[in-house]
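First up is the structure itself, then whatever we jot down about it.
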Amino acid sequence: MEWLNLYKEKLLSPREAAFKIKNGSRVVIGHAAGEPKKVVEAMVNEKDKYSGIEIVHMIGMGLGDYVKKENNNNFRHNSFFAGPTTREAIANGNADFTPCFFSEIPRMFRDDYLTVDVAIIQVSSPDKHGFCSFGISNDYTKPAAECAKLVIAEVNPNMPRTLGDSFIHINDIDYIVEVNYELIEINKSNITDTEKAIGKNCASIIENGSTLQFGIGSIPDAVLMCLENKKDLGIHSEMISDGVLNLIEKGVITNKRKTIHKNKIVVSFIMGTKKIYDFVNNNPMIETYPVDYVNDPNIISKNKNMVAINSCIQVDLMGQIASESIGIKQFSGVGGQVDFIRGANMSDGGKSIIAIPSTAKNGEVSRIVPFLEKGTAVTTSRNDIQYIVTEYGIAELKGKSLKERARALINIAHPKFRAELIEEWEKRFKKEFDYFIYYKIHK
Ligand code: COA
């Protein structure tokens, strides 16, 4: 076993590995719950040794100390997705945000839009052939490791071995740090009555045999809860969480009717509790692939009856979807929302759904608004949108005129905000409506 000798030669402590990173490097950190903790911590602890390090990351689940103002002379964070640890830093100008479809990130690395000097990753223990699995974070992490000039890998026996296109050989890793910590976990959310109603409405338009994509959080979990009576559902999703386990146990998710990757759940990353991390370990039902494959709208569209379920912060009366910023403040990112909406729209029998509570901020504001707040980024264009679902019903926008879609959206807004939305509708469309009636009668 030649690779085993190599493995031993490459072993370093977290601090020694961190010292291999040269000033001025662009460093990509493994994604989401697969974030490598020890080398990043060692680097931040030795911050005075570094200058001009750009740290590229998406959903940061670790401490994120490199974004702190006091570390700004040493590290500059460049984010694809704002989150709790990075949102304020981006808003205050202490970190940057780069807009980018999730499916495009590997290309950003490969084609040198963002040249990867160093990839710090976390992988499973090697198998007898010397291959480590990317486990719960394949997404952009594997492509980053493939492009990087220097690959530092934390090898963690707690990282599950997921199958699919999910492996890196010891030969392709420059330095290895053995670690043994528990993976980052996210607990299941509590589901409110409003979310249950949204879930029920979504379930009413999901047919047996559909292939599903959904994100994380209480709305996806509520939708999953309402699918118990369906048959032979499949999954092709950027990510999965614990919410799928119940439907797999009950034999609802079988993947039998999928038109590509039949009998398999296809995902790019996994984020949940130890329960799902144990479930995906060496499980032939689950395959992980890099995100430029899983989120490629052309690949997604090959799934017949593909249903994409995503959420947003605001939608205006034209159906423009704001999912990632509130005014100019970056709240999250596009993630795979547009990738999946476009893939589902192109799929034979496919459906794309934006599922939202009708209000936010404890009912103080309507999510359905006449105009998006000034400065807000449009995440999904009005041309891409098919269904919007709230606890009050379903608005199908595809094929509808501006006037019709505004009316459909008002019908699913919270009743206490409908009067002001109708007022706006009348301002915009009443004249046009009168003329339309006149034309019909007199011509
Ligand atoms: N006006 C003002 N504030 C609003 C608002 C509005 N219309 N809508 C939401 N907010 C506030 C909420 O009050 C909440 O604030 P808080 O954290 O202080 O309570 C915050 O914004 C987030 O709202 P909420 O909608 O509850 O968040 P969520 O966790 O359900 O996430 C998205 C919703 C849209 C932010 C999230 O789904 C996302 O980032 N989507 C884009 C990426 C994507 O779709 N990826 C594909 C699937 S992985």
Taking a ≥ b ≥ c as the square roots of the Cα gyration tensor eigenvalues, with a/c under 1.5 meaning rounded and otherwise prolate when a/b beats b/c or oblate if not, segment 21-118 comes out rounded
In whole Hz, with x marking every Gly and Pro, tabulate ³J(HN,Hα) for segment 244-261 from phi via Karplus 6.51 cos²θ - 1.76 cosθ + 1.60, θ = phi - 60°. 7, 4, 4, 6, 6, 4, 7, x, 7, 8, 10, 6, 5, 9, 5, 9, 10, 6
Estimated [θ] at 222 nm from DSSP helical runs (n ≥ 4, -39500 (n - 2.57)) normalised by residues in the chain, nearest 500: -8000 deg cm²/dmol
Pulled fully out, how much extra length does the chain show between Lys274 and Glu182, if you take 0.36 nm times their separation in residues and subtract their Cα-Cα distance? 32.3 nm
About the Cα centre, charge dipole magnitude for the chain (Lys/Arg +1, Asp/Glu -1 at Cβ), debye: 1300
Two decimals, Cα atoms only, Kirkwood Rh: what is Rg/Rh over segment 193-437? 0.99
For Leu11, list long-range residues whose amide hydrogen, built 1.01 Å from N in the peptide plane, is under 5 Å from its own amide hydrogen. Ile176
Solvent-accessible area of Tyr66 with every protein chain in place, 1.4 Å probe, in Å² to the nearest 10: 10
Given backbone amide H placed at 1.01 Å from N, residues whose amide H is under 5 Å from that of Arg26, ignoring those fewer than 5 places away on the same chain, are Glu54, Asp117, Val118
For the chain, shape from the Cα gyration tensor axes a ≥ b ≥ c, cut at a/c of 1.5 then a/b versus b/c, turns out prolate
Can you give the FRET efficiency for Lys427 and His169, using 1/(1 + (r/R0)^6), R0 = 45 Å, r = Cβ-Cβ distance, to the nearest 0.05? 0.10
Built amide H within the under 5 Å cut-off of Lys351, gap 5+: Met306, Val307, Ala308
For the chain, longest principal axis from Cα atoms; helix 337-346 axis from its Cα atoms; angle between them, nearest 10 degrees, is 60
Karplus-derived 3J(HN,Hα) from phi for segment 227-236 (6.51 cos²θ - 1.76 cosθ + 1.60, θ = phi - 60°), whole Hz, x at Gly and Pro, runs 9, 4, 8, 7, 10, 6, 7, x, 10, 9
The chain: angle of helix 402-411 to the longest principal axis, Cα-based, in degrees nearest 10: 80
Using a 7 Å offset from the Cα along the Cα-to-Cβ direction at both Met285 and Glu54, what is the distance between the two label points in nm, to one decimal? 4.3
Integer Hz, Karplus 6.51/-1.76/1.60 couplings in order for segment 418-424, x for Gly and Pro: 5, 4, 6, 6, 5, 4, 5
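The values are calculated or read from the model by the stated rules, or taken from the named source; none is laboratory data. As the structure is a prediction and not an experimental result, all values here were calculated from the model. Because the Cβ atoms are built from the backbone with ideal geometry, glycine has one as well, and the counts that use them run over all protein chains shown. What goes into the accessible areas is simple: the full protein's heavy atoms, side chains included, and nothing from ligands, DNA or RNA. Shrake-Rupley method; radii C 1.70, N 1.55, O 1.52, S 1.80 Å.
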